[in-house]
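To start, the structure itself, in structure tokens.
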Amino acid sequence: IYQETYRIAKQSRQRHKLLWHAKHFSTLYRLQGRLEEARESLAYFLENSADMLSPESRIDYVAEMARLCARLEDFDSAQKYLREAEAASAQSPTHLAGHLVTWARAAVLASQGKAEDATREFEIAARAARPRDRGEFLVEYGRFLASAGKTDEARHVLQQACEDFKEDPLKPLEKIARETLRSLES
């Protein structure tokens, strides 16, 4: 259905619909673990949507790109997007922007193997996590804790994520949380 609506939007030259398709595809790819495709779609969206986004939305999507690049171990790009998110957040400081930037910073530090600094940033971001993506944040935080050998903390955070998914199901993320929990048990 997405492919067909994309084709129709492209034929009708409805720019904003095409751009939002790119963003939605990025999310779908990310949830499927297709990170390179997610990055390509999100990059296209970011390059072409500046006039459509509020400052806070821009921070959200740029911070998401920093996290994606970090997961792909593209450290230069991750740093570039993180700096952009930080600069935008300084111009439009909000509680949400602070959380998003801190989460991105934690992900970048974790991908660089800076566990102590990443732990500090994840803890700050955890206190400010918003309900909309708290489950996704908790999965990433829990996986980080598991990789850092903090099994008890990881178990607690991942169990919180699974509880959140009862209210707002995101099956691919819930599956990742449960798989990580099972790996901690073995």
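The values are calculated or read from the model by the stated rules, or taken from the named source; none is laboratory data. Keep in mind that this is a model prediction, so the values were computed, not measured. Every residue, glycine among them, receives a Cβ derived from its backbone with ideal geometry; neighbour counts consider all protein chains shown. Ligands, DNA and RNA are excluded from the accessible area calculation, which covers all protein heavy atoms including side chains. Shrake-Rupley method; radii C 1.70, N 1.55, O 1.52, S 1.80 Å.
Which of the residues that make up the stretch 20-37 are under 20 Å from residue 174 (Cβ atoms), of a type in the set (Lys, Arg) and assigned to a helix (DSSP H, G or I)?
Matches in the stretch 20-37: 30 only.
Does residue 96 count as within 18 Å of the chain's Cα centre (by Cα) and either open to solvent by less than 30 Å² (accessible area, probe 1.4 Å) or under 21 Å from residue 179 (Cβ atoms) (or both)? Reasoning before the result, please.
Details: within 18 Å of the chain's Cα centre (by Cα): yes; either open to solvent by less than 30 Å² (accessible area, probe 1.4 Å) or under 21 Å from residue 179 (Cβ atoms) (or both): no.
Taking the combined requirement at face value, the residue does not satisfy it.
For the stretch 38-55, name all the residues that are in contact with a Ser or Thr (Cβ under 9 Å, 6 or more places away or on another chain), open to solvent by less than 70 Å² (accessible area, probe 1.4 Å) and assigned to a helix (DSSP H, G or I).
Selection gives 38, 39, 41, 42, 43, 45.
Restricting to the stretch 56-91, name every residue that is open to solvent by less than 20 Å² (accessible area, probe 1.4 Å) and among the acidic types (Asp, Glu).
If the condition is that a residue be open to solvent by less than 20 Å² (accessible area, probe 1.4 Å) and among the acidic types (Asp, Glu), then 60, 64 are the ones that fit.
Would a scan of the stretch 5-19 turn up a residue that is at pLDDT 90 or above and either within 20 Å of residue 137 (Cα to Cα) or open to solvent by less than 50 Å² (accessible area, probe 1.4 Å) (or both)? Break it down into steps so the answer makes sense when it comes.
Just the residues of the stretch 5-19 that are at pLDDT 90 or above, to begin with: none.
Taking every residue of the stretch 5-19 in turn, none turns out to be at pLDDT 90 or above and either within 20 Å of residue 137 (Cα to Cα) or open to solvent by less than 50 Å² (accessible area, probe 1.4 Å) (or both).
Would you please name the residue that is surrounded by the most Cβ atoms within 10 Å (Cβ to Cβ), looking only at residues in the stretch 105-126 that are over 22 Å from residue 95 (Cβ atoms) and either of a type in the set (Lys, Arg) or under 16 Å from the mean Cα position of the chain (by Cα) (or both)?
Across the stretch 105-126, the extreme among qualifying residues is 110.
Any chance the stretch 41-60 includes a residue that's under 19 Å from residue 147 (Cα atoms) and touching a residue at least 24 places away in the same chain (Cβ under 8 Å)? Break it down into steps so the answer makes sense when it comes.
Of the stretch 41-60, the ones under 19 Å from residue 147 (Cα atoms) are none.
Scanning the stretch 41-60 turns up no residue that is under 19 Å from residue 147 (Cα atoms) and touching a residue at least 24 places away in the same chain (Cβ under 8 Å).
For the stretch 127-159, name all the residues that are touching a Lys or Arg at 6+ places or on another chain (Cβ under 9 Å) and either small (Gly, Ala, Ser) or surrounded by fewer than 20 Cβ atoms within 10 Å (Cβ to Cβ) (or both).
Hits for the stretch 127-159 are 142, 146, 154.
Table: residues versus (1) in contact with a Cys (Cβ under 7 Å, 6 or more places away or on another chain); (2) not in a helix (DSSP H, G or I).
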| site | (1), (2) |
| --- | --- |
| 73 | no, yes |
| 78 | yes, no |
| 86 | no, no |
| 98 | no, no |
| 106 | no, no |
| 120 | no, no |
| 129 | no, yes |
| 149 | no, yes |
| 156 | no, no |
